[in-house]
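A.B. asks: Just dropping this structure here.
Derivation of every value follows stated rules applied to the coordinates shown; laboratory data play no part. These figures come from a predicted structure and were not determined experimentally. Here the Cβ positions follow ideal geometry from the backbone for every residue, glycine too, while neighbour counts run over all protein chains shown.
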Amino acid sequence: MSNRRFVFIVLVLAMAAIGTLALQSRLRSKAAPVDALLTLPDAIGDYQGQDVELQERVYDILRTRNVIMREYAKTGEPPILFYLIFDRESQKSSDPPENCIQGSGKTVTAKKKITLAVPLGDQSISFVANKLSVLAGGRHEVYVYWFLAGGEMLDNYLAQRVKLVKSYLLGRPLSGGQVRISTDVVEGDEEEAMIRLQEFIRMLLPHLLPIIRS
């Protein structure tokens, strides 16, 4: 790691620590009503969703109840697990999924940046996300995730952290969160799994964008 990058990371972490201490003396940000997340439909395209029940300790760790974990199933295909954490006014960042994945005993075998281009009517939206290849016992999984900050979709945790803390200290808190989508890889065909995830994201975004940008 270069000295310049090391200094940058130290400054970012110091800024986050100072921000956290300052915020302890201020009122907590107002959490978005849980109902705001419930506008995300159970059915997306041919997929039917079923909420996954979360333990209370998960909400305690995240410090918000504005969380969706939902399994979307389609006949003849492995289900897709969708995860969203979202706060309307936030100084918090949700950790990169690698931390949770590896903490649960799974192994991240590869990580890369990918560009997602999604048509929206006469226009299209393009953004960079993260792709993880994961081994869990005898299972092979693929994850796609990105961070949220003020309606913007970011691939970088530090960039999200800086943006949220800075805006909060300036008295103009932004919405923040994370989107994570995963599925099983069948017979080692990760490309096929990615095609399924990209198609699901294409159908998801018209429902998701109004929530994160409202």
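A.B. asks: Can you give the relative contact order of region 25-167 as a percent, counting alpha carbon pairs under 8 Å and 6+ residues apart?
C.D. replies: Relative CO of region 25-167 lands at 16 percent.
A.B. asks: Okay, moving on. Taking a quarter of the surface of the Cα convex hull of region 62-152, what do you get in nm²?
C.D. replies: The orientation-averaged projected area of the Cα hull of region 62-152 comes to 8.0 nm².
A.B. asks: Sorted from fewest to most neighbouring beta carbons within 10 Å, what does the list T109, T183 look like?
C.D. replies: Lowest to highest Cβ neighbour count: T109, T183.
A.B. asks: Here's another thing I want to ask about it. Once label points are set 7 Å from the Cα along Cα→Cβ at both V128 and R202, what is their separation, rounded to one decimal in nm?
C.D. replies: The two pseudo-label positions are separated by 2.4 nm.
A.B. asks: Please arrange S124, S182, S133 by how many other C-beta atoms lie within 10 Å of their C-beta, fewest to most.
C.D. replies: S124, S133, S182
A.B. asks: Which cross-chain or sequence-distant (5 or more) residues have an amide H under 5 Å from the amide H of N156, H modelled 1.01 Å from N in plane?
C.D. replies: F147
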